[in-house]
Each structure stands twice: as C-alpha cells, then as structure tokens.
Amino acid sequence: MIKVYSAESAHQFDHGWLKGSHSFSFGDFYDPDNTAFGPMRVCNDDTISPGRGFGAHPHSDMEIVSIVLSGRLRHEDNLGNVAETTFGGIQRMSAGTGAIHTEHNPSDSEPVRLLQLWFMPRTRGTAPSYTTGRFDPAKLEGRLLPVVAAERTAEIVDIAQDMTIYLGRAGAGQELNFQQAPGRRVFIYLIEGQLKLPDDQVLSPGDSARIEEWSELLLAAEADTLVMAIDLP
Amino acid sequence: MMMQQERVLVKHSVTGRMLVSSTDGLTYSFDPQGELTLITVCGVGAEQGAAVVGLRSELNVFRFEEPAGGPVIKHWYYVGDNPVEYDAASGCLKITVQSEIQYRPDEYWE
C-alpha cells in the first residue's frame, strides 16, 4: 500500500522568521488521523531566517534528528553540547529523561533549511545524549545512502530505534532501488525534483509517501532529484 | 498552594498544545513522595483531564517562576511512565513526576 500526502495537504506555515511545512500533527496543526507512522512522529521542513531560531525548550523520550539542507544550524543544550552543522552534517538528540536545547540560525545573511524528524525511541527513560556526524554529499549520487541507523559508523549517526534514514540523489531518468523487508514501513519525502513511485504516482517537492507491504521499491527520477527515505518498524 | 508570579502548565510534548494552565483559575500543589513528586492540579474540567490522561506518556509539565523585574526561571518535570490520573468527582489531576530540570532561558541563546 502506498499512500501519498501532497505538499498541499501538509500543514504549510509562515511565521515570518520560520516558514515551512509539517507532514504530521505539530504545533498548532492537529489532525488526530495524522499523528504518526510507526515510531515516526514529526517531519518538519523548516526554513529559519538569519539570526533567528528556537529558544531553550525541553524534550523527553524522543529521538530527534536534524538534517541541514542549506545554511547553518547551531545547537546548544544543557548537557554542554554546542554544534553547528551544514549540508552533510547530521544532528541527533536522544532526549531520554530530559534535555533542554536551543536551535538557531547563526548566520546574519543566509537562511537555514532543515528537516527535523522525531521518532519514538525503542526504550523510554534512558539517559539523554547528543551527537553529530557527517556524510560525504558526493556519495549521494545515484544511490540511497544511509546517514542515520541503529549502529554508528564513520559516516552514519546512531539512533536508539530500529530504523535507517537514507538520502539519495538521482538525475532525470535514473532509478533508485530499495528492498523493503516484510513487516517494515517506508516513509519517503521528496526534497527536490520529481520522483515516480512503483504504482506510478509522482512525487513533487514537499510530497511524502507512506509505504507498507511493498517489497521492491523502484523510485524513478523524472528530474534531478534529492530524496529522503526512512525504513521503519 | 498557589503562589504569586508563578504558574503551572501541562502541554503536549509533541504538538506543544496547551492542555492545562493554572492561570485558568486552577489551584495546585507539589508534594514530595520519596524520590518522586506528586503534582496535584484542581479545578480541571473533565475534557481537559481526559486529554491529559490520554497523552500521559507525552507530557511537558512546567512550573514557571516569573518574579517582577527578574529573569524567568523554568522548572520542567519528567513524567516518564509514572501515574497520571484524573478524578472527575473532585476535578483534580494528579501527575507523578520523577525528575526536574531547572533552567533560565536568558542563559541560553534567545
């Protein structure tokens, strides 16, 4: 089953300093029928104006991943972590029993665009932690590159959930192939370009798809495409 | 007992929706119980109480100290899997919390 959510159906918002869309219920957008996909709770495509951001606020029992698409994102937390990431960088906070953090755009001229993703952890009540990682953007070409997964490697950030986040680029006419294991879910979010799904539905930027019970996913780029795919329990 | 320049808030941690605010004429108390603390908020309507209980695993519970002329001090409480109960007869919400983080927003980027 493939269910497509168009960019128009996502909650588009413009707070001046913060613009973007929420794929799931978030902030003042509440749809009781759209609160989760498996352990996934949030997919926000945020653009933050220069010098602006989110002040100190808490989180708990949530795995929070921030993927910067352009610009710079600065994180600070009560655990003593301070980090800035650009495209190629990944931030992951395991909120556990509680963490206070801020996120803001430290640039005085350039907006930052990021995907912020929240997932329920495998286990609640763990100690909070924060980490960053970096993948090589050149390795995205023509493949789905794992950038976040349960096991950490030199180019993969670890997360406390049985899941993998992939990013991939494909030129027009190229295909990206993904094998979906039985009982798993796949969430797809199109960042740039145009992508045809195996049931011939076509995704445009900001569209997402929630896929279950589809063993082989052939994703056909119809334009130069940047896509995120998340394998979930 | 409710104190001046202080309020207690219960929010949904994912959407940020306000579920209960003591500024709506509610009373509250904090009662240490060993390593836990029982927060009781009374005057809560049945619908509000049911909403909090329904979201008990995803709550942000705050106490804001807002002294006149001074910096705001925020206290955030971790509920975890501890009991969250509502008694419709008394209109009281009982939230058991296990830990607290105190922070001053002005000491962070804002």
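Where a number appears in this text, it was derived from the coordinates with a stated rule and is not lab data. This one's a predicted model, so the numbers in the text were calculated from it and none came from an experiment. Here the Cβ is made from the backbone with ideal geometry for all residues, glycine too, and neighbour counts use every protein chain on show.
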When only C-alpha pairs under 8 Å and at least 6 residues apart count, what is the relative contact order of chain A, in percent?
20
Looking only at aspartates and glutamates whose Cα falls under 12 Å of B:LYS74's and that sit 8 or more positions away or on another chain, we get B:GLU6, B:GLU65, B:GLU66, B:GLU100, B:ASP106, B:GLU107
Rounded to two decimal places and with Rh computed the Kirkwood way over Cα pairs, what is Rg over Rh for segment A:113-228?
0.98
Averaged over its residues, how many other protein chain Cβ atoms are within 10 Å of peptide A:73-82's Cβ atoms?
1
For A:LYS3, the lysines lying under 24 Å Cα to Cα, once residues fewer than eight places off in the same chain are dropped, come out as A:LYS196
Convex hull volume of the protein assembly as shown per residue (C-alpha atoms, cubic angstrom)
145
Per the Cα gyration tensor, chain B corresponds to an equivalent ellipsoid with semi-axes, largest first in Å, of 22, 16, 14
How large is Rg over Rh for segment A:48-189, taking Rg from the Cα atoms and Rh as the Kirkwood inverse mean of 1/r across Cα pairs?
0.98
Run through all the Cα pairs of segment A:26-132 and give the fraction in each 5 Å bin from 0, expressed as whole percent.
2, 13, 21, 25, 20, 13, 5, 1, 0
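Normalised by the number of residues in segment A:79-167, what is the relative contact order in percent for Cα pairs under 8 Å and 6+ residues apart?
Relative contact order here is 31 percent.
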Report the one residue of A:ILE165, A:ASN81, A:VAL42 whose Cα lies farthest in the direction of the positive end of the charge dipole of the protein assembly as shown (charges on C-beta: Lys and Arg +1, Asp and Glu -1; origin at the Cα centre).
A:ASN81
Among B:GLY54, B:VAL97, B:CYS42, which residue has its Cα furthest toward the positive end of the charge dipole of chain B, with +1 on Lys/Arg Cβ and -1 on Asp/Glu Cβ?
B:GLY54
Helix-only [θ]222 nm of chain B, DSSP H runs n ≥ 4, -39500 (n - 2.57) each, per residue, nearest 500
-2500 deg cm²/dmol
Give me log10 I(q)/I(0) at q = 0.20 Å⁻¹ for segment A:164-233, Debye formula, one equal scatterer per alpha-carbon, no solvent.
-0.71
Count neighbours as other Cβ atoms within 10 Å of each site's Cβ, and list the GluC sites (Glu not before Pro) in segment A:172-233 that are DSSP loop with at most 16 such neighbours.
A:GLU213, A:GLU222
Can you tell me the relative contact order of chain B? Whole percent, Cα pairs under 8 Å, sequence separation 6 or more.
27
On a full-extension model of 0.36 nm per residue, what is the gain between B:VAL72 and B:ALA89, subtracting their alpha-carbon distance, rounded to one decimal in nm?
2.6 nm
Using only the Cα atoms, work out Rg/Rh for segment A:1-53, with Rh taken as the Kirkwood radius, to two decimals.
1.02
Taking each pair of different alpha-carbon atoms in segment A:71-139 once, compute 1/r for the pair, average those values, and report the inverse of that mean as the Kirkwood hydrodynamic radius in Å to one decimal.
13.3
